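Heads up, the thing below is written out as structure tokens.
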Amino acid sequence: MSNGVETREFQAEARQLLQLMVHSIYSNKDVFLRELVSNASDALDKLRLESMVDKELDVDTSDLHIAIEVDREKRTLTVRDNGIGMSRDDVVTLIGTIAKSGTAELLRKLRESKDASGSQDLIGQFGVGFYATFMVADRVELVTRRAGAADGTRWESTGAGTYTIESVDDVPQGTSVTVHLKPEDSEDNLFDYTADWKIREIVKRYSDFIAWPIRMTVERTDAEGGTTTDVQPLNSMKALWARPRNEVDEAEYKEFYKHLSHDWVDPLEIIHMRGEGTFEYEALLFLPSHAPFDLFAREGRRGVQLYVKRVFIMDDCEALMPDYLRFVKGVVDAHDLSLNISREILQQDRQIRVVRRRLVKKVLATVRTMMTEHPDRYRTFWTEFGRAVKEGLIDDTENRDTLLEITSLASTRDETELTTLAQYVERMKDGQSDIYYMTGESRSMIENSPHMEAFRARGYEVLILTDPVDEVWVERVGEFDGRPLRSIAKGQVDLDSEEEKKSAEPEREQQRKDFEALLTWLGEQLADQVKEVRLSSRLTTSPACIVGDAHDMTPTLEKMYRAMGQDVPSVKRILELNPTHPLVTGLRTAHEQDGDKEGLTETAELLHGMALLAEGGELTDPSRFTRILADRLARTL
């Protein structure tokens, strides 16, 4: 008995994705079975967890398993589980649409992939494993009933843009997916997926470590020509993290990582550790080879799962890994926690905090070892995850010294190679006490900034910090190895030695006297924009620059806080003039001769506007600036 069949269209992005699947963008079509088994395993995990949380849920959890069934005559393969199941709304939401922000990015990357090896890296990354069935299927049927519900749901599609859905009775709890297989085609890497050997090969390769039994009904022919059926297990169910490292093959670790992360690329580093004593646990962690698309998305997923005595408890366990290491994938299996532990309790649990502290130290120690022993892998790690790791410099004071050791930064020394802070200190000039840096939106903007002129002329190395997080951590950290971190765009800059200062003092004193009237007048004219106008010792070729006081908030940081909805006061900055530049000396002469004329006021505005633009700042009144500039240019023609 069933209720009316309803035909619906896939979401637009889902239709595009289905077309890419149907046209065999992936060369390794075996992935479809791995994804179906992985989905079934997740359903069993969720049912076990739900049964512990909801004591009134009437479900039998005594024999949770995954069954694979084949019908060679009809050429069908069915993957069945007795897990949590889905409601009708769940089916529409999870299969009829792709409710993920990365869908458009996935489609773009799929189209841009020129070869199969490049495209296959993407399938699990975007969580669309179910759609992989259409690589091998003419038609897919799904029948499901959510645990505790009375009615089931049947879903069916050929992948052509529409699907049918109906409510049905007498459906066992859980989900079954029946794949009506396409004909075998060896040239297209389309194998016979009804063959026992092929199913065993795929399960062994991808799903041997699944915590639930995977069973298959096998037909056997006896000596008299009769047939018998036998249910056989396909996986060992051995938890890799519970086995000694010397008993686990490297390939097993890699396949476990791929199952865990839905990534097709091998991990960059494997971390297997065990905690003993008052609180026992095992942990198997992985550093990925590339950053996920949602690494900086607010709703991005964490990567560490929590088990208690090999029973799945929680996915994306925030309590086990700080936010700046959110890309770390893996499993932590604790022996002494309650199975009913909640996320709120975990945040307060002392033992979990101890585990977290040890995991973080181990991950950072692994990266530090990678720096010295495997520099190429470290460079890959830092390129992919360095921006996230630097977030830890803001809040993780306990590990700040280690984080500073493993941090690599761009500098003026080399356009392509990064440097560590320790390497920078080794190269510091005699008499240099500060580590110089400048923050900005891009390398080119920083390198061409007027603030760089004196440092470039004297051969001082300057760190180039272009990530938004750099604006915050350099202020929070303050120093490295006892040496202050100093912005070249703040405060006074004086790179002269003591002897040079003494010999230059008479000239500087004369300049202060010569420019005193001009500086006072400019300070009055620009009082709404700047807090002070003074002579500069950091400029060699530019007429002027804008600097902040030593402890002022930078304009970029102001923008960041306002973008987050925080109301911060505007900070007036300082206009510095180059006393040797013809524009500045000419302005002084004109001021001495003509006094307070309108033309001089406009020149002052232009001088301040040029200094703002040179550092990548924004003009308060761009139309007025361009009008004054156009008028001045017209007079020269």
Long-range amide H partners of LYS490, meaning residues 5 or more apart or on another chain whose placed amide H is closer than 5 Å, are GLY548
Just tell me which lysines come within less than 21 Å, Cα to Cα, of LYS513; anything on the same chain fewer than 8 places away is out. LYS501, LYS502, LYS531
Compare the Cα positions of GLY548, SER503, MET560 along the charge dipole of the stretch 495-569 (+1 at Cβ of Lys, Arg; -1 at Cβ of Asp, Glu; about the Cα centre) and return the one farthest towards the positive end. MET560
Protection-proxy order for peptides 385-392, 409-416, 243-250, each taking the mean of Cβ atoms within 10 Å per residue, highest first: 385-392, 409-416, 243-250
Nearest-20 debye value, the chain charge dipole, Cβ charges on Lys, Arg, Asp, Glu: 260
Counting each DSSP H run of 4 or more residues in the chain as -39500 (n - 2.57), what helix-only mean residue ellipticity at 222 nm follows after dividing by all residues, to the nearest 500 deg cm²/dmol? -11500 deg cm²/dmol
Using modelled amide H (1.01 Å from N, peptide plane; none on Pro or chain starts), what sits under 5 Å from the amide H of VAL218, excluding residues fewer than 5 places away? ASP230, VAL231, GLN232
Ranked output for segments 158-164, 232-238 by mean other Cβ atoms within 10 Å, highest leading, reads 158-164, 232-238
Residue-by-residue Karplus 3J(HN,Hα) for the stretch 369-381, coefficients 6.51, -1.76, 1.60, Hz, glycine and proline x: 5, 4, 4, 8, 9, 9, x, 5, 5, 4, 4, 4, 4
Under a cut-off of 19 Å between alpha-carbon atoms, report the aspartates and glutamates in cross-link reach of LYS55, not counting same-chain residues fewer than 8 places apart. ASP45, ASP63
Which percent of the accessible area of the chain is formed by carbon and sulfur heavy atoms (probe 1.4 angstrom)? 46
If you consider only alpha-carbon coordinates, what radius of gyration and Dmax does the stretch 528-585 have, in Å? 14.1, 44
When you count, for each residue, the other Cβ atoms within 10 Å and take the mean per peptide, how do 452-460, 215-223 rank with the highest first? 452-460, 215-223
Rounded if a/c is under 1.5, else prolate if a/b beats b/c, else oblate: with a ≥ b ≥ c from the C-alpha gyration tensor eigenvalues square-rooted, which is the stretch 400-446? oblate
The chain: angle of helix 582-594 to the longest principal axis, Cα-based, in degrees nearest 10: 50
Which lysines, if any, have their Cα less than 26 Å from the Cα of LYS390, not counting same-chain residues under 8 positions apart? LYS329, LYS361, LYS362, LYS490, LYS559
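Give the shape of the chain as rounded, prolate or oblate, defined through the alpha-carbon gyration tensor: a ≥ b ≥ c are the square roots of its eigenvalues, a/c under 1.5 means rounded, and otherwise the shape is prolate if a/b is larger than b/c and oblate if not.
Prolate, because a/c is 1.5 or more and a/b exceeds b/c.
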For the chain, dividing by residue count, accessible area per residue (probe 1.4 Å) in Å² works out to 48
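The values are calculated or read from the model by the stated rules, or taken from the named source; none is laboratory data. Owing to the predicted nature of the structure, the values given are computational and were not obtained by experimental measurement. So basically every Cβ, Gly included, is an ideal-geometry build from the backbone, and we count neighbours across all protein chains shown. Accessible surface is based on the protein model in full, side chains and every heavy atom, while ligands, DNA and RNA are left aside. Shrake-Rupley method; radii C 1.70, N 1.55, O 1.52, S 1.80 Å.
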